[in-house]
Amino acid sequence: MITIKNIAARALVVSAGAVFYSASAWALLPIQHWTEPSGAKVYLVESPVIPMVDVQIDFDAGSRRDPAGQSGLASAVAAMASKGVKALGGEPALDENGLGEAWADLGASFEAGAENDAMHYSLRSLTDPPLLDKAARLAARQIGEPSWPADVWPRDRARWSASLKEANTKPATVAAYAFASAVYGTHPYGLRTTEESLSRINVADMQAFHMQHIAACRAKVSIVGAVSRAQAQALVTTLLSRLPAASGCAPLPPVGEIQVLAAPAEQAIPFASAQAHVLIGQPGFQRRDPDFIALLVGNHILGGGGFVSRLTNEVREKRGLSYSVYSYFAAGMHAGAFTVGLQTRPDQAEQAVKVSRDVIARFVAEGPTEAELRAAKDNLIGGFALRIDSNKKLLGNVANIAWNELPLDYLDQWTKKVEALTVAEVRAAMARKLQPERMVTVVVGGKP
């Protein structure tokens, strides 16, 4: 008799053997791409080593689509996917406990969440046909037929509000909110969920948001696992089958771009904390920007490479101003922030800010040295296999290609493009994107 435990045990044995596969083989797996009759765009990597499949379905329904005054709506819609499904087509209704038990019985998992740009639905299942079919049908109900239980939302809203109230007692939260507001202004990336915004959200708002944004024709579906193209097509058809049919998708209204900072801004926010939290930055660039890889490498040298970065060397190693200092670009559909962050003693904050600003300005003006670039290339190229050493990680990369409409051979070309970069190209890319003289600086900590 075949049971879920038998199938799972068999998968575990196979996956143990898969460890001996060359990690570089992942990059050789081609991405198949097509558009379904529903309009859904599908990206598939066949990975037959382990009898499992991972699926991510993305919709343009992230928090940038939250209506004015209702920050948190997209996240609330995603959260309600796990709270219950309707009784339709002879299938009984399931509450959140029933859904949990159903997924446990299948040995599969389903999650939903919303970020700045997208709403994600994720499925992981064994590929045994009866189990996968049941998992896909259950996932389809959560995607297309949530029950929107009116008694659950007030409870979850109260919990969420309590969590926000607790977070607001932490200096890191205060700094993050002040920084986002200063960098993004009125753009949706800079808005935050508050107790007040949650109070303006009701179940009817969620239903309307879901109906407007979650449609098969708007879906980008990424699949990695032991399924053929024919099986993937059947899987996608099932997963999107509970969404309303549409003859076409009218374009969603555009979201305005983030404004470039016209002048520097500084905020010193008193806070009774042992450490001052420092954030320095500005709007960065969109993920589709052709400078992306040059900026990734440049930032690795500046502050993204951990203990070998310039910022760490100048702020931590030479002066002992902070245990940790970092920088990153949060590229998205819009110009996500470039951020430098650190913590230091309040009496050292002014010096730490000055040193960090000087390092940024010098790096933008001069770029990296040949030795720094070589070390960064070796580190990034040498670690590339770790970015794709599991189906789930590979799925994230495929979803990135799908969402940002990158070339299908993006992963195959990644290391070649990193290796080909020159000092001049990295310096030019950083100079095009960063304006050290116009950055925001937020310091939270110290007495008034």
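Computed from the coordinates by the stated procedures, all read-outs in this text should not be read as laboratory data. Here the structure is a predicted model, which is why all the values come from computation and not from measurement. Ideal geometry is used to build each Cβ from the backbone, glycine not excepted, and the neighbour counts take in all protein chains shown.
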**Prompt:** Which of these values of Cα Rg over 2.2 N^0.38 Å was calculated from the structure shown: [x] 0.94; [y] 2.36; [z] 1.06?
**Reply:** [z]
**Complete:** Listed by chain and number, the residues whose amide H is under 5 Å from that of A335, excluding neighbours fewer than 5 places away on the same chain and using placed H, are I258
**Complete:** The residues V442, V418, V423, sorted from fewest to most surrounding Cβ atoms within 10 Å, come out as V423, V418, V442
**Request:** Once you have all Cα-Cα distances for region 301-398, histogram them in 10 Å bins from zero and send the whole-percent values.
**Result:** 14, 37, 33, 14, 2
**Fill in**
In degrees rounded to 10, the 0-90 angle between helix 96-106 Cα long axis and the longest Cα principal axis of the chain is 80
**Fill in**
With the charge dipole of the chain built from beta-carbon charges (+1 for Lys and Arg, -1 for Asp and Glu) about the Cα centre, the Cα from G144, I388, T312 projecting farthest to the positive end belongs to T312
**Complete:** Which residues qualify? For I269, with a placed amide H closer than 5 Å and at least 5 residues away or on another chain, they are V443, V444, G445
**Message:** Checking the a/c ratio against 1.5 first, then a/b against b/c, what shape does the Cα gyration tensor give for region 254-340?
**Reply:** oblate
**Request:** Only loop residues by DSSP count here, and only those with at most 11 other Cβ atoms within 10 Å; note down the chymotrypsin sites (Phe, Trp or Tyr not before Pro) in region 276-358 that meet that.
**Result:** none
**Prompt:** Which far-off residues, 5 or more places away or on another chain, put their amide H under 5 Å from the one on Y43, with H placed in the peptide plane?
**Reply:** V221, S222, I223
**Prompt:** So what's the angle, to the nearest 10 degrees on a 0 to 90 scale, between helix 423-433 and the longest Cα principal axis of the chain?
**Reply:** 80
**Across K41/K433; K393/K416; K354/K433; K318/K416; K220/K393; K220/K392, pairs whose alpha-carbon gap is larger than 25 Å** = K41/K433; K318/K416
**Prompt:** lysines near K134 by alpha-carbon distance under 17 Å, same-chain residues fewer than 8 away left out - which ones?
**Reply:** K5, K86
**Message:** Please compute the modelled spin-label separation between D151 and K416, points set 7 Å along Cα→Cβ, answer in nm with one decimal.
**Reply:** 6.1
**Request:** Pull up the cross-link candidates among the lysines for K165, meaning alpha carbon to alpha carbon under 24 Å and not fewer than 8 places away within one chain.
**Result:** K83, K447
